[in-house]
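Comments concern the structure below.
The values are calculated or read from the model by the stated rules, or taken from the named source; none is laboratory data. All of these numbers come straight from a predicted model, not from anything done at the bench. When we count neighbours, we look across all protein chains shown, and the Cβ atoms used for this are built from the backbone with ideal geometry, even at glycine. Side chains included, ligands, DNA and RNA excluded: accessible areas come from the protein's heavy atoms. Shrake-Rupley method; radii C 1.70, N 1.55, O 1.52, S 1.80 Å.
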Amino acid sequence: DVTELELGDEALEAVAFDVEYDFEPTNAVVTVYDADEDEVLSAAIDGTKNSFTADLSSLEVGTYTVVVTAYDGANAITSNALTVEVKLAVIDEITILNADVTPVYGEKAGDHMAYTLPENAPYTVTMNGWWDVFNSRILGDDDTFEANNVYSVCWNLVANEGYVFADDATILINGSTDVVDAEHSYLDVSGEEPLFIISSKGVFVEGPTE
């Protein structure tokens, strides 16, 4: 069996190992080996006769072999090897808050760029701009919204270190999926770094009324 844990998960700080010993150990040591069978961690751990807890939070992404050696002064018995796979933490929900998604005739695109991310969000915005749907271009900050055109606001996001986007992540703009243009929001893996591209639904801008 393989124990799968996500990088950064608090569970990595207290990984439980149930191993059978026919004596009462006074102390125990966990030893961790990487895929090349090199020792990467050896530390005293806490536990009772057949249940021990180890802090593996220092491990990076990878697959490891873990053994627990228990001692009672006269005996030293090593458990069967256990396999632990440390994986990137998966982002399955992306939230953009306080986003201005309403273009206004005659106003500058740069005045409608407001948005925030949740505190401690595991992703970062690398690009934010307004998309001119009819002319297939990103507006500059000083470009104005024109009448009889459609505009949507878009963001490019990268996952922070230790995280990876789920390709079917739920996207929320201002707490709702209703504003999201699902057809044009997707995980792009064509570049050196995966980007999650998010677009709001296009909004038609009417001209001034007489």
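Close Cβ contacts (under 8 Å, 6 or more residues apart or on different chains) running from residues in region 96-123 that are within 20 Å of residue 148 (Cα to Cα) to residues that are of a type in the set (Val, Ile, Thr) and open to solvent by 50 Å² or more (accessible area, probe 1.4 Å) comprise 106/144; 107/144; 108/144; 109/144; 112/102; 112/104. Scan region 10-44 for residues that are within 26 Å of the chain's Cα centre (by Cα) and at pLDDT below 90 and the total you get is 7. Kindly check whether there is at least one residue in region 1-18 that is open to solvent by less than 40 Å² (accessible area, probe 1.4 Å), free of Cβ contacts under 8 Å to residues at least 40 places away in the same chain, in a strand (DSSP E or B) and more than 30 Å from residue 187 (Cα to Cα). Looking for residues that are open to solvent by less than 40 Å² (accessible area, probe 1.4 Å), free of Cβ contacts under 8 Å to residues at least 40 places away in the same chain, in a strand (DSSP E or B) and more than 30 Å from residue 187 (Cα to Cα), one finds none in region 1-18, hence no. Across region 157-182, the number of residues qualifying as in contact (Cβ under 8 Å) with a residue 40 or more places away in the chain and either open to solvent by less than 30 Å² (accessible area, probe 1.4 Å) or aromatic (Phe, Trp, Tyr) (or both) comes to 9. Among strands (runs of 3 or more DSSP E) entirely within region 46-134, having at least 1 residues that are open to solvent by less than 70 Å² (accessible area, probe 1.4 Å), touching a Pro at 6+ places or on another chain (Cβ under 6 Å) and over 30 Å from residue 206 (Cβ atoms) singles out 62-71, 89-96.
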